[in-house]
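> Can you read through this structure? Questions will come right after.
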Amino acid sequence: MPGHPFIKIAPSILAADFANFGAECRAIEDQGADWVHVDVMDGHFVPNLTFGPAMCAALRPHIKGVMDVHLMIAPVDPYLEAFAAAGADILTAHIEAGPHIHRTLQAIRSLGKKAGVALNPGTSVEAVADLLDMIDLVCVMTVNPGFGGQGFIDSQVPKIARLRALIGDRPVHLQVDGGVTVTTAPMVARAGADVLVAGSAVFKGGSAVNPAPYGANIRAIRAAAEAALG
Ligand code: DX5
Ligand code: ZN
């Protein structure tokens with residue numbers, strides 16, 4: 001079966017052992033993760049708290065590849081410089097986090113980072129139509145952000161397809177985040193996603209000292225996505 005090397009798997013460390021993040025990052029990369037997805041939550045924009053720029057800076061030496069930082073915070077602008085200095089490669093802000101997403105994306109690019117925009121399940125794709133020439137990534141949330149392990153919201157699949165059409169041949173990644181498993185990966189890949197974030201589906205059954213299940217889970221999700229592409 002032909003491979004589809006453009007499908008990237010980005011494990012979310014929200015599902016990792018919080019007492020062992022450095023080893024967890026090394027383990028998922030060793031087991032085939034393409035990017036490391038870091039979920040930053042503020043207890044205000046989303047109803048949960050995770051970590052800030054100091055944690056990202058501490059993780060940086062443990063991540064060889066791409067540190068993909070998903071900012072679920074409002075306001076976001078005052079913190080961009082700190083997350084950039086912490087070594088993030090991609091900074092993704094939510095379109096719903098404030099009135100000035102255009103300014104936020106400009107600021108991310110001016111800090112020398114790749115810029116992403118995330119859409120909650122209730123936000124229409126048209127909201128990003130005028131941003132596509134200034135971003136590197138669009139993230140479609142297939143759960144309401146705030147927690148790992150939630151059920152995939154099927155109504156978002158047509159939205160992914162509409163976004164893929166809007167993106168056209170621009171060099172913009174189409175990321176899907178929330179409820180991605182071996183069961184849902186085929187749908188999102190077929191709709192045009194090329195970066196799959198997965199938390200619980202990657203970390204289940206393994207640990208930093210027993211990382212083989214991480215590799216099996218990553219391979220299974222990737223294979224399911226690629227098989228759907230034929
Ligand atoms: C949700 C986060 C996701 C989450 C995904 O707010 O943005 O990245 O950790 O977790 P799973 O894959 O368990 O739905
Ligand atoms: Zn996320």
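> Suppose the chain between LYS64 and SER110 were pulled fully straight at 0.36 nm per residue; how much longer would it get relative to their current alpha carbon spacing?
On the way: separation 46, 0.36 × 46 = 16.56 nm, distance 2.34 nm.
Separation in residues times 0.36 nm, less the Cα-Cα distance, equals 14.2 nm.
> Stretch ARG190-MET55 to full length: gain in nm at 0.36 nm per residue minus the Cα-Cα span?
45.1 nm
> Okay, moving on. Projected onto the charge dipole of the chain (+1 at Lys/Arg Cβ, -1 at Asp/Glu Cβ, origin at the Cα centre), which of LEU49, PRO211, GLY98 gives the Cα projection farthest towards the positive end?
PRO211
> What is the dipole size for the chain, taken about its Cα centre, with +1 at each Lys and Arg Cβ and -1 at each Asp and Glu Cβ, in debye to the nearest 20?
340
> Continuing with the same structure: What percent does the relative contact order of the stretch 82-221 come to when contacts are Cα pairs within less than 8 Å and at least six residues apart? Walk me through the numbers on the way to the answer.
Values: 228 pairs, mean separation 24.1, N = 140.
RCO, the stretch 82-221: 17 percent.
> Taking the DSSP beta bridges in the chain as the whole, what percent of them are antiparallel, to the nearest 5?
Taking every DSSP beta bridge with both residues in the chain, the antiparallel ones total about 5 percent.
> Report the one residue of VAL66, ASN20, ALA228 whose Cα lies farthest in the direction of the positive end of the charge dipole of the chain (charges on C-beta: Lys and Arg +1, Asp and Glu -1; origin at the Cα centre).
Checking the options against the dipole of the chain, the answer is ALA228.
> Also, quick follow-up: Quick check: the distance between the Cα centres of the stretch 117-161 and the stretch 26-66, to the nearest angstrom?
One Cα centre to the other: 20 Å.
> Can you give the Kirkwood hydrodynamic radius for the chain, in Å, rounded to one decimal and based on Cα pairs? Present the calculation step by step, with values, prior to reporting the outcome.
Details: mean 1/r = 0.0577 Å⁻¹.
Roughly 17.3 Å, rounded to one decimal.
> Something else now. Less than 15 Å Cβ to Cβ from MET134, Lys/Arg counted +1 and Asp/Glu -1: what total charge do the surrounding residues give?
Working: positive: ARG103, ARG109, LYS113, LYS114, ARG170; negative: ASP130, ASP133, ASP136.
Summing Lys and Arg as +1 and Asp and Glu as -1 gives +2.
> Using 1/(1 + (r/R0)^6) with R0 = 35 angstrom and r between the beta carbons of LEU131 and VAL209, what's the FRET efficiency to the nearest 0.05?
Values: r = 43 Å, r/R0 = 1.22.
Result of the calculation: an efficiency of 0.25.
> Can you work out the FRET efficiency for the pair ALA220 and PHE6, with r the C-beta to C-beta distance and R0 = 25 Å, to the nearest 0.05?
So the FRET efficiency works out to roughly 0.85.
> Once the piece of chain linking ALA74 and ASN48 is laid out straight, how much longer is it, given 0.36 nm per residue of separation minus the C-alpha distance between them?
Length difference between fully extended and current span is 8.1 nm.
Any read-out appearing in this document is the output of simple, stated calculations on the displayed coordinates, not a laboratory observation. What you see is a predicted model, and the numbers here were worked out from it, not measured in a lab. A quick note on method: Cβ atoms are made from the backbone with ideal geometry, for glycine too, and the neighbour counts reach across all protein chains shown.
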